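Peer 1: This is the structure, below, for whatever I ask next.
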Amino acid sequence: MRKRNHIIPLHLNKKELAHLEAQVKTSGLPREEFLRSLIMGAELRARLCDHHADLLHKVAGLCNNANQLARVANTYGEAGPQSIEEMTKLVRKVWEEVKENW
């Protein structure tokens, strides 16, 4: 048996329907789930674009490399030139990605 037994008919004009569909598309949720979330007072956010997810992945990699470099520097008292060069290349790559997509 269904958990949601109550049906509420809703009449919208073309402009209202277009706005609803745009909001649903931006949220990435199915229409019914979007409306339920609104009714329950949830704060809805737009889903991330593909390039945002890729950018976050690259930034996470940069942070991991920075942590590894810092660990080596703390352990041995210095970081090698190869590690520093690799870190610099990664920073430049992420910066270019940010400039292009934001």
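The values are calculated or read from the model by the stated rules, or taken from the named source; none is laboratory data. All figures in this text were calculated on a predicted structure; none of them were measured in a lab. For neighbour counting, all protein chains shown are included, and Cβ atoms are generated from backbone atoms with ideal geometry for every residue, glycine included.
Peer 1: Could you check Ser83 against (1) touching a residue at least 40 places away in the same chain (Cβ under 8 Å); (2) touching a helix residue (DSSP H, G or I) at 6+ places or on another chain (Cβ under 7 Å) and say which number it fails?
Peer 2: (1)
Peer 1: Would you be able to tell me the number of residues in the stretch 36-72 that are assigned to a helix (DSSP H, G or I) and either under 28 Å from Glu97 (Cα atoms) or modelled with pLDDT under 75 (or both)?
Peer 2: Qualifying residue count, the stretch 36-72: 23.
Peer 1: What's the number of the condition Glu21 fails, among (1) over 26 Å from Glu100 (Cα atoms); (2) at pLDDT below 80; (3) part of a helix (DSSP H, G or I); (4) acidic (Asp, Glu)?
Peer 2: (2)
Peer 1: Show the residue pairs meeting these rules: Cβ distance below 9 Å; 6+ apart or different chains; first residue within the stretch 60-78 and farther than 21 Å from Trp95 by Cα; second residue part of a helix (DSSP H, G or I) and at pLDDT 75 or above.
Peer 2: Glu78/Val72
Peer 1: Moving on. Given the conditions (1) exposed (fewer than 11 other Cβ atoms within 10 Å of the Cβ); (2) assigned to a helix (DSSP H, G or I), which single one is not true for Ile8?
Peer 2: (2)
Peer 1: If you don't mind, there's one more thing I want to ask. When you scan the stretch 92-99, do you find a residue that is surrounded by 13 or more Cβ atoms within 10 Å (Cβ to Cβ), at pLDDT 75 or above, out of contact with any Phe, Trp or Tyr (no Cβ under 6 Å at 6 or more places or on another chain) and under 30 Å from Ser27 (Cβ atoms), even just one?
Peer 2: no
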